[in-house]
Amino acid sequence: MIAAPSTIPAGGAITTQLLEISIGPQHPSTHGVFRMDVVLDGEVVRALKPVVGYLHRNHEQLAEKMSWLGSMPYTDRLDYFNSMSNNWAYALAVEKLAGIKVPERAEYIRVIMAELSRLQNHASAIGFLLQDCGAWGTPLLYAFKEREKILDFFETVSGSRMMCNYFRFGGVRVDLNDEMLAMARKIVAEFPKFLDEFEKLMTTNEVVLARCQRVGILPKELAIAGSISGPVARASGVEYDIRKVDKYGVYGQLEFGVPVGAVGDVYDRYYIRVLEMRESVKILQQVLRDIPAGPVQAVEVKLRGFKIPAGDGYGRVEGAKGELGFYLVSEGGPKPYRYHIRPPSFINLTVLEDMCVGHKVADAIIILGSIDIVLGEVDR
Amino acid sequence: MNYPGKGLVEGLAVTARNFVGSYFYKDRLTTVQYPEERIQTPENSRTFPFLVFDESPDKPRCTACKICEVECPPKCIYIVMDRDDKGKPLQRPKAFDIDISVCMQCQICVEVCPFESIKMDNDYEKSKYGRFNDLVQRLPDLLKSNDYYRQIKPVKAAEVDAKLKAEAEAKAAKKAAAVAAAAAKAAATPPAGSAT
Amino acid sequence: MIPTSEQLCAAVPGAVIEIVPSTPAAAQPAMLVDREHLVAVARYLKNEPSCQLDFCSCVTGVDYLAKGFIEIVYHLYSVALKHGPVVLKVRAPRELNQCHVPSLTTVWRGCEFQEREAFDLYGVKFDGHPDLRRILMWNEFTDHPMRKDYVPPADYEWEPTPHDEVLKRTKAAGGIMPPSAAVEVKK
């Protein structure tokens, strides 16, 4: 739709018609194949409708047609930045339904993997946010350089850099040997140095402040009512972290803080991630210090012909993007009857319109960037 | 000290340090010139599955039991068991196809295989010109020797070899025991023919 | 504190509430509420100061083909009091023209996209939803793919490693199959 030529009335103010444009799906700033139908008044967003589904493959239906274990590699492909956390969410839900107890060493290894994936996810999320602000490449590649070390660790342990498929019901697939633990300790020891440098680049940078402060404010009440979870909710002042509330795994025994933002703008969402990375480093230091010896797999869990008693249940973890949950229904057979994912990036998009209305188009891009979505998870 | 534009100047200092440092420090320049320079992949690294044979490609370890075909999540494996003229199964595959455009490198086939016959390769250069037939790996493409497996995954191959050896020995011992028991039984009860 | 079904029935007159068990290990029994009183029960659970279930985490449909109904499941948590989950369930007949449940988007804004998803994949109409459109499938799509009786179209162009159902349908559709697959098909 093309607007009619503007007319300049006697008062001097320019009036324009509303213009409806479509941002995406093939647009570098939409983080994948995501589309926003935006109604613009000049440069100001008046309405915004997210359009998703370009990557939809009905993962939930595929899961109903294969064994319980068969869905594990598919969970890697949901949010491909955090395959380890996705594995954990699914394994946790299944363990909850079947009542499987996980050996302690495996719980520690799970925490190591989940926190390392949180580190690399947050680092690259900030890099992408800066990319959206117009800092082409440089901060993103600094983040990717650090992420590379973590991905190398994942490859050494699980065999794959991103599609790890590492967790099993009742444990993990491969034990960590001393070399792998040393590798993890080295990454954790070096990470704060990277964070300090990264913060120098951004936290007080005047361009970042001008672009991000007071933009896309999400009020606390709306964040709760809109089911927003993860760093986005915490930046708005919602003090809610599933690691603290549910105390799954060994998180109950670990000391860490839950950083909470005051304003809920894009800058808070950036800075919350930096603070969360610092807390993750603390968790990792404790876990790598205390990891006990022992088995990594509960012996009673069979690889083939695994079955769950009939019934349903919901299990969730604090993924890097928010609350990642699995609602599973079993009929006692070798396949799930229903397998539903609660994808944090998808539900965090619910309030995108509320955050963007009244801001400029360029701000809508960084607001989307600050939510940190992955389309593999949004569309499933 | 605080002055306007301090954040910008500090940020530029960081990028300058990285730029200059990339000429001197390996940890500031982490890229390699790919086809010429290659990074050694770790032992656990995996790409696509292949089939192991021990002595010759006619005798693969695979018995065409189809467990991997059933358990494969994206159903990319297709197996036809070989049969002799009378239709008796020969415990080896006649056709074994893996469509690597469907395979998602999840390693579940390796985990469920009871014969240690299917393993993950670490060859990542599999691109082809064609979309369809070129990407289907057939039995001759898939068969690789145990020596190759030992070469790419020394630690795991040694474990597998030890396990298979122990299994073979246990089987031989069991067989020997059964033969001995049968012989002892034969010795204890005099043969029916000897009485007459 | 989570109210018992008796307390809920007393607070919302006329509501019919039944307890549905989960797996023994999960221990998340659900409250099955009748369709007419769902919104009132939800409002009570959200606003009652002793439970304050202000966070509707997960909304989903389950198609029970054999039992003849579709169930919508809500998982509620409390951010203020940090407890949960409380599981609400509501059932609707499978027939498309009767498959209605009241929308809870007016109570919890976070239901908006998830109810759209349940509508898209299961064909459940949420009465009172502000913007009930397809979300994952495209607008011209007519069926609801997560229903257990959904039949996917047989449009296999190329099937190198066909199995059971796919093998039959590929043959019927005249799809191309590779030589190895033809070994067995011939017999």
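Things worth noting here:
- Hey, A:GLY53 open to solvent by less than 20 Å² (accessible area, probe 1.4 Å), over 18 Å from A:LEU324 (Cα atoms) and assigned to a loop (DSSP other than H, G, I, E, B) or not: yes
Every residue, every condition in (1) closer than 29 Å to A:TYR74 by Cβ; (2) loosely packed, with under 13 Cβ neighbours inside 10 Å, yes or no:
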| residue | (1), (2) |
| --- | --- |
| B:GLN105 | yes, no |
| B:CYS109 | yes, no |
| B:LYS128 | yes, yes |
| B:VAL136 | yes, no |
| B:LYS156 | yes, no |
| B:ASP161 | no, no |
| B:GLU167 | no, yes |
| B:LYS175 | no, yes |
| B:ALA184 | no, yes |
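- Among the helices (runs of 4 or more DSSP H) confined to region A:170-243, the ones with at least 1 residues that are more than 10 Å from every other protein chain (Cβ to nearest Cβ) and surrounded by fewer than 16 Cβ atoms within 10 Å (Cβ to Cβ) are located at A:178-202, A:206-212.
- Test: A:TYR166 is of a type outside the set (A, V, I, L, M), touching a residue at least 40 places away in the same chain (Cβ under 8 Å) and in contact with a strand residue (DSSP E or B) (Cβ under 7 Å, 6 or more places away or on another chain): yes
- Selected residue [open to solvent by 10 Å² or more (accessible area, probe 1.4 Å), within 14 Å of chain B (Cβ to nearest Cβ) and acidic (Asp, Glu)] from A:GLU43, A:GLU64: A:GLU64
- A:ASP379 under 20 Å from A:SER85 (Cα atoms) and more than 13 Å from chain C (Cβ to nearest Cβ): no
- Selected residue (only one of A:VAL329, A:VAL378 is assigned to a helix (DSSP H, G or I), in contact (Cβ under 8 Å) with a residue 12 or more places away in the chain and more than 20 Å from A:GLY237 (Cα to Cα)): A:VAL378
- When C:VAL59, C:VAL73 are checked against the criterion of being in contact with a helix residue (DSSP H, G or I) (Cβ under 8 Å, 6 or more places away or on another chain), modelled with pLDDT of 85 or more, within 13 Å of chain A (Cβ to nearest Cβ) and under 27 Å from A:ALA233 (Cβ atoms), a single residue qualifies: C:VAL59.
- Test result for C:ALA10, assigned by TED's automatic domain parsing to the domain that holds C:ILE72, closer than 26 Å to C:ALA80 by Cα and not in a helix (DSSP H, G or I): no
- Output for region C:45-56, where each listed residue is surrounded by fewer than 24 Cβ atoms within 10 Å (Cβ to Cβ) and within 11 Å of another protein chain (Cβ to nearest Cβ): C:LYS46, C:GLN52, C:ASP54
- Tallying residues that are within 26 Å of A:LEU218 (Cα to Cα) and in contact with an Asp or Glu (Cβ under 6 Å, 6 or more places away or on another chain) within region A:322-355 yields 4.
- Looking only at residues of region B:68-92 that are without any contact (Cβ under 8 Å) to a residue 24 or more places away in the chain, in contact with a strand residue (DSSP E or B) (Cβ under 8 Å, 6 or more places away or on another chain) and of a type in the set (A, V, I, L, M), we find that the one that is farthest from the other protein chains (Cβ to nearest Cβ) is B:LEU90.
- With respect to the stated conditions, A:LEU78 is more than 9 Å from every other protein chain (Cβ to nearest Cβ), open to solvent by less than 20 Å² (accessible area, probe 1.4 Å), outside any strand (DSSP E or B) and not polar (S, T, N, Q).
- Among the residues of region C:13-44, those that are outside any loop (DSSP other than H, G, I, E, B) and within 14 Å of chain A (Cβ to nearest Cβ) comprise C:ILE19, C:VAL20, C:ALA30, C:MET31, C:LEU32, C:ALA42, C:ARG43.
- Residue in region C:158-168 that is in a loop (DSSP other than H, G, I, E, B), modelled with pLDDT under 85 and polar (S, T, N, Q) present: yes
- Any hit, region A:134-149, residues being closer than 30 Å to A:ALA298 by Cβ and touching a helix residue (DSSP H, G or I) at 6+ places or on another chain (Cβ under 9 Å): no
- The set of residues from region B:119-144 being within 10 Å of chain C (Cβ to nearest Cβ) and over 27 Å from B:VAL155 (Cα atoms) comprises B:ARG131, B:PHE132, B:ASN133, B:LEU135, B:VAL136, B:ARG138.
The values are calculated or read from the model by the stated rules, or taken from the named source; none is laboratory data. Just so it is clear, the structure is predicted and the values come from calculations on it, not from any experiment. Neighbour counts are summed over all protein chains in view; Cβ atoms, including those assigned to glycine, are modelled from backbone coordinates with ideal geometry. Only protein heavy atoms, including side chains, enter the accessible area calculation; ligands, DNA and RNA are left aside. Shrake-Rupley method; radii C 1.70, N 1.55, O 1.52, S 1.80 Å.
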